[in-house]
Amino acid sequence: MSGKHADVMTAPRKQRVQSYPAEHYLALARNLADRFATDAAGYDRSGACPERNLDLLFESGLMAVTIAPEEGGAGGGLQLARAIVSEIARGEPATALILAMYYGTHGQIARGSQWPEALGNFVVRDALSHRALINAAQVEPETGSPSHGGVPRTVARRQGDGWRITGHKCYCTGSTALRWILVSAVTDEVQPRIASFLVPADAPGVSFRPAWDTTGMRATASHDVILDNVEVPYGHILHDRPAGTPLVRESVGTVWHFTLVASVYHGVTVAARDWLVQFGRARRLNATGDSTLFGLPHFQEGLGRAEILVQTNERLLRAAAREADEGRPDALEGALLRHATTESQLTLHALFLELAGAAGLSRHSTLERHCRDLACVQSHAPNSRTIRLMVARSAFPSDGERAPNPLKN
């Protein structure tokens, strides 16, 4: 392997995180979220990746909280990870989404069965020595998300003692900040496989095409990844299955992913709710002069409805994370969580703007940014319609359906 990752297998562990109660890490996250909030509007305007925020996450030790204590981490599970993600999202959600993808991968390494032990240890060791952000690059311009069943156009060819990978990926969250990319590809073997390959982000032949210019979540750097004959070692392959067979995701990875992504947008709703409460208390009414918007019955009723949705989501996320940490992850329940929180968050999006009125649409209003970020909850695959179809097939399989359902464990 070439580049700055060549000696990572023997790199010393430069960071060891002492185990503290969960509240210690949550306090760190709250403090960082408050700090990140001061620069959030600037990142939104520029669309620049929040590199300094990510450095601070590593320096604080928060990026090691889900790594096992025997490896040098704090040993936290999904309950701690999702709470940290929500706190960070309250301050700057693009940073939180990049962190969520990182936590999701390390959750799979620690608790799943699809990572080869040596390769997982390799990634964990690197994460304790560097700001080793990692995320998957699966979506392609021509075939879309693998959840839709398409075979990737990206090809991994056997050459010597390794692989040569060529292809084009899009919507890779954190792209330019990553140290490792999990690239899905089809092999050129006699019996082709679809697999993921661990690719150094700075490997020769890897480049990034600026393509992420969206309404919300503007600083996630979810750009295109171009791979031109990129060389990786033979052992950097995982999640392989015969080409032509359906994608069946492991329950651990599914529940961690759905819970963490939902937690990002939960943090956004908390920030938006807090802004709305402050706005209502400060907004004076012309008719009385001494009354505020906060005191009006319709505003109080709207806040009550919003709080019910926010608190319900909080309880759903806690329950899903607790069950996963207890060794009971369920892919179907993860999909139900994803659907329920997405629909609730979209309802909150509309409710916040209704209660704030024109003030909530002003580019000078923080709520306007929160709502643009919140609208992006729909951008993550699978969308609500796809989940409804999968749930229907799981609950009411057709007589001739032989393919395994992706939501069955």
Check your understanding: Across region 156-173, which residue is most open to solvent (accessible area, probe 1.4 Å) among those that are of a type outside the set (D, E) and either closer than 17 Å to T245 by Cα or in a loop (DSSP other than H, G, I, E, B) (or both)?
Key -> G160
Check your understanding: Within region 153-178, which residues are out of contact with any His (no Cβ under 6 Å at 6 or more places or on another chain) and within 20 Å of L133 (Cβ to Cβ)?
Key -> I165, K169, C170, Y171, C172, T173, G174, T176, A177, L178
Point to revise | Search result, residues across region 111-121 that are surrounded by fewer than 20 Cβ atoms within 10 Å (Cβ to Cβ) and hydrophobic (A, V, I, L, M, F, W, C) | key: A118, L119
Revision key, fill the gap. In region 384-408, anything surrounded by 15 or more Cβ atoms within 10 Å (Cβ to Cβ), of a type outside the set (S, T, Y) and modelled with pLDDT under 90 is listed as M390, V391, R393, N405, P406, L407
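Is it the case, given these coordinates, that A203 is open to solvent by less than 30 Å² (accessible area, probe 1.4 Å), more than 26 Å from V123 (Cβ to Cβ) and touching a residue at least 24 places away in the same chain (Cβ under 8 Å)?
No; evaluated as a whole, the condition is false for this residue.
Quick one: how many residues across region 61-94 are without any contact (Cβ under 8 Å) to a residue 40 or more places away in the chain and open to solvent by less than 40 Å² (accessible area, probe 1.4 Å)?
Matching residues across region 61-94 total 1.
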Check your understanding: Only one of A319, A381, A358, A350 is closer than 30 Å to A243 by Cβ and aliphatic (A, V, I, L, M); which?
Key -> A381
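So that you can scan it fast, the table gives a plain yes or no per residue for (1) under 28 Å from M101 (Cβ atoms); (2) surrounded by 21 or more Cβ atoms within 10 Å (Cβ to Cβ):
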residue	(1), (2)
A262	yes, yes
L293	no, no
R328	yes, no
E343	yes, no
Practice item. Kindly establish whether V230 is open to solvent by 10 Å² or more (accessible area, probe 1.4 Å) and more than 21 Å from the chain's Cα centre (by Cα). Key: no
Check your understanding: Using beta carbons and a limit of 7 Å, which pairs, at least six apart or on different chains, have the first residue in region 360-384 and among the acidic types (D, E) and the second one surrounded by fewer than 17 Cβ atoms within 10 Å (Cβ to Cβ)?
Key -> E368/L361; E368/S362
Check your understanding: Do we have any residue at all in region 163-186 that's at pLDDT below 95 and charged (D, E, K, R)?
Key -> no
Point to revise | All positions within region 17-47 that are outside any loop (DSSP other than H, G, I, E, B), polar (S, T, N, Q) and open to solvent by 80 Å² or more (accessible area, probe 1.4 Å) | key: N31, T38
Practice item. Considering only region 233-247, state which residues are within 19 Å of N135 (Cα to Cα), open to solvent by 40 Å² or more (accessible area, probe 1.4 Å) and either in a helix (DSSP H, G or I) or not acidic (D, E) (or both). Key: P233, G235, H239, L247
Practice item. Would you mention how many residues in region 92-144 are in contact with a Cys (Cβ under 7 Å, 6 or more places away or on another chain) and either within 24 Å of D325 (Cβ to Cβ) or not in a loop (DSSP other than H, G, I, E, B) (or both)? Key: 3
Check your understanding: Name the helices (runs of 4 or more DSSP H) wholly within region 314-395 that hold at least 2 residues that are hydroxyl-bearing (S, T, Y) and out of contact with any strand residue (DSSP E or B) (no Cβ under 7 Å at 6 or more places or on another chain)?
Key -> 331-356, 384-395
Check your understanding: Being surrounded by 15 or more Cβ atoms within 10 Å (Cβ to Cβ), part of a helix (DSSP H, G or I) and basic (K, R), is that true of even one residue in region 301-308?
Key -> no
Check your understanding: Limited to region 48-57, what total is found for residues that are open to solvent by 40 Å² or more (accessible area, probe 1.4 Å) and either without any contact (Cβ under 8 Å) to a residue 24 or more places away in the chain or part of a helix (DSSP H, G or I) (or both)?
Key -> 3
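The values are calculated or read from the model by the stated rules, or taken from the named source; none is laboratory data. It should be emphasised that the depicted structure is a prediction, and the values quoted were computed from it without experimental measurement. Reconstructed Cβ throughout: ideal geometry from the backbone, glycine too, with neighbour counts over all protein chains shown. Surface accessibility is based on the protein's heavy atoms, side chains included, excluding ligands, DNA and RNA. Shrake-Rupley method; radii C 1.70, N 1.55, O 1.52, S 1.80 Å.
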